[in-house]
Amino acid sequence: MRILITGFEPFDHAVNASQVLVESLQTDLPEPLERFCAEPHFAILPTHTHQAWPLLRERLDQLLPDYCLLTGQARGRNRVCLERIAINLKDFERPDAAGNQPRGETIIASGPAAYWSTLPAQHRLIAALTRAGIPAAHSSHAGTHLCNQTLYQSLHHSREQGRSLRCGFLHVPLLPIQAQGTLADQPHLPLDTMRNAIAIIVQTLMETANRQP
């Protein structure tokens with residue numbers, strides 16, 4: 001199985017939990033990923049509304065992965081969250097790293113209002129994470145910032161190219177190192193817990209695929 005896992009660069013603080021997570025996977029691959037992923041690939045996306053998608057599209061077109069798991073940081077969440085849907089809207093409450101702040105714009109003018117995540121058996125993924133003691137939940141709102149934007153663009157591109165890419169988005173909380181100073185009241189999870197979550201998701205996806213005829 002070929003999988004692409006992505007995170008984001010920081011943009012309003014010095015650390016982005018998704019970048020730390022993805023880079024840790026790249027340098028120290030968990031055993032389940034070694035066992036189930038013949039070709040795991042990783043990318044860190046710029047937190048720039050005009051630059052994130054070209055880089056991601058290039059990686060998707062080069063790799064032609066079977067799965068794409070996008071990850072991003074969600075301040076205020078106390079668990080990992082699998083997003084069900086991406087909406088065709090850019091409405092940035094905070095500017096991106098370059099100061100861009102689109103308000104009420106469509107992501108793709110000719111695109112549908114929304115796309116469902118194509119990551120299969122999400123209920124099984126949440127159940128597997130919960131059994132492992134990892135706080136996890138479904139989420140029906142990926143926001144209207146870059147996390148939602150890249151998920152929508154990935155799903156739209158897959159449809160336009162006639163591909164069967166299984167793509168979804170995982171929001172992760174802050175890391176303990178981030179929950180200090182002005183963010184001291186924010187929920188957080190250890191990096192090892194986030195790494196275990198990725199490993200369990202990949203393992204469950206592979207087991208689900210093997211059950212299918």
Along the positive direction of the dipole of region 52-109 (beta-carbon charges: Lys, Arg +1; Asp, Glu -1; about the Cα centre), which of Gln101, Leu89, Gly76 reaches farthest?
Gly76
Taking the beta-carbon count within 10 Å as an exposure proxy, list Ile87, Ile5, Ile108 from fewest neighbours to most.
Ile108, Ile87, Ile5
Other residues with Cβ under 10 Å from the Cβ of Gln203 give, with Lys and Arg +1 and Asp and Glu -1, a net charge of -1
Exposure proxy check on Thr182, Thr118, Thr47, Thr150: fewest-to-most Cβ neighbours within 10 Å is Thr182, Thr118, Thr47, Thr150
Among rounded, prolate and oblate, which fits region 112-213 when a ≥ b ≥ c are the square roots of the eigenvalues of its C-alpha gyration tensor, a/c under 1.5 means rounded, and a/b larger than b/c means prolate?
oblate
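Counting alpha carbon pairs within less than 8 Å and at least 6 residues apart, what relative contact order, in whole percent, applies to the chain? All intermediate terms of the calculation are to be shown ahead of the outcome.
On the way: 397 pairs, mean separation 59.4, N = 213.
Across the chain, relative contact order equals 28 percent.
From the square roots a ≥ b ≥ c of the eigenvalues of the alpha-carbon gyration tensor of region 17-82, which class results: rounded (a/c under 1.5), prolate (a/b over b/c), or oblate?
Values: a/c = 1.88, a/b = 1.05, b/c = 1.78.
Oblate is the answer for region 17-82, as a/c is 1.5 or above yet b/c matches or exceeds a/b.
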Please give the charge dipole size of region 69-208, origin at the Cα centre, charges +1 on K and R Cβ atoms and -1 on D and E Cβ atoms. Round to the nearest 20 debye.
260
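Here, each number is a calculation from the coordinates, and none is a lab measurement. The structure presented is a predicted model; accordingly, all values stated were derived computationally and were not measured. Backbone-built Cβ (ideal geometry, glycine too); neighbour counts: all protein chains shown.
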